[in-house]
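J.: Below is one structure. I have some questions about it.
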Amino acid sequence: MQQANKVERYIRRIGLAQAVVNVSNKIWAFIDEVYEVDIMYNMVQQLTLNLFHTETHVVLILTLVYAKCDHIERIELWDSLYAMASDMTSPWLVGGDFNVIWDEEEKFGGLPVSLNEIDDFRHCVNTCNLSDLGFKGSIFTWWNGRYEDDCIIKRIDRCLGNVELQEIFPGLEFTHLSKTCSDHCPMLLKCDIGTHPIKKTFRFLNFWTKHESFKAVVKENWTADFCANPFVLFNHKLKKLKKVLSSWSRTTYGDIFQKIASLEEVVQAELMKYLALEEEFWKQKAGMSWFKDGDRNTKFFHAQVRGRRKRLQLKRIQDSNGSWLEEDEQIAEEAVNFYK
């Protein structure tokens, strides 16, 4: 009852009119009053709603997922999706925590991937005529909060949709946001009607030129099959080559920016590991209890800093004639003359 009251107060504060929760109290949906809501499936691992937009009259079937960690228990979820897909004709959005990855690239650390779990998930998605909506940001959506050899990060949260959904919402944009207080990253999906995908600006990446096939690709596609003003031909060749290089880059290197974001997650985990080791090192070097002797630790650190500053101080320099200068004013004057 206390939790329900908190939820009601939150709904009033953010201006939402409706809230729906599944039978296990683990899936919550907060919905604007512009929608009429009907509950189609209310199960332990999924909550499916029929949303009718009263202004645009668009119908959307929304399935929110919180799957079990055990792959045997997840079979019940897959079966419920099979049943829904058999007569699904409306735009269908399926999203949430599936607790399973799609392939080995979506996991870093931990035990080897179970191919049976992956096959069950893939079979369900393909049989239900769903497809991954893609994303921006890091590939990883979950971190176990541990470091060193125990660190595991993987993508277990995603959004799927059928063809009807992508036709109604051509400008679907799905983003993995940065993690804050949860082990999962928040996910943001924009799906305005009539919004078409933003055309990305072409960027030439310098490392392309180091690939063995780059020159051949340029040579093969730096052509025009018509005669015209040299400037028109030049412009045509550039446009043609931009499309070819963009496609070649995706095939050869994949999504560069997505890989960078994913590697940042790995680096962050390694950084946390390093900081933990560094903290342990200083604890041992100080030879004292870290948390009980706060004042002494502070003095110890200040002493370390002072010692380092002393080592970094410039006591004297040698001028162009080979003479040593030790006075501050002489050192400053010689430094200015040298850089002039």
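The values are calculated or read from the model by the stated rules, or taken from the named source; none is laboratory data. Just so it is clear, the model here is predicted, and its values are computed rather than measured. With ideal geometry, Cβ positions are generated from the backbone for all residues, glycine too; neighbour counts draw on all protein chains shown. These area figures cover heavy atoms from the full protein model, side chains too; ligands, DNA and RNA do not enter into them. Shrake-Rupley method; radii C 1.70, N 1.55, O 1.52, S 1.80 Å.
J.: Could you tell me whether residue 164 is in contact (Cβ under 8 Å) with a residue 60 or more places away in the chain and assigned to a helix (DSSP H, G or I)?
T.: The answer is yes for residue 164.
J.: Separate question: Among what's in region 88-128 and is surrounded by fewer than 14 Cβ atoms within 10 Å (Cβ to Cβ) and not in a helix (DSSP H, G or I), pick the residue that is modelled with the highest pLDDT.
T.: 89
J.: Here is a follow-up. Within region 92-146, work out how many residues are among the acidic types (Asp, Glu) and closer than 22 Å to residue 182 by Cα.
T.: Count: 2.
J.: Of (1) within 30 Å of residue 146 (Cβ to Cβ); (2) out of contact with any Gly (no Cβ under 6 Å at 6 or more places or on another chain); (3) at pLDDT 85 or above, residue 172 satisfies all except one. Which?
T.: Residue 172 satisfies every listed condition except (1).
J.: Can you pull out every residue in region 50-87 that is among the polar types (S, T, N, Q), open to solvent by less than 50 Å² (accessible area, probe 1.4 Å) and not in a helix (DSSP H, G or I)?
T.: If the condition is that a residue be among the polar types (S, T, N, Q), open to solvent by less than 50 Å² (accessible area, probe 1.4 Å) and not in a helix (DSSP H, G or I), then 50, 63 are the ones that fit.
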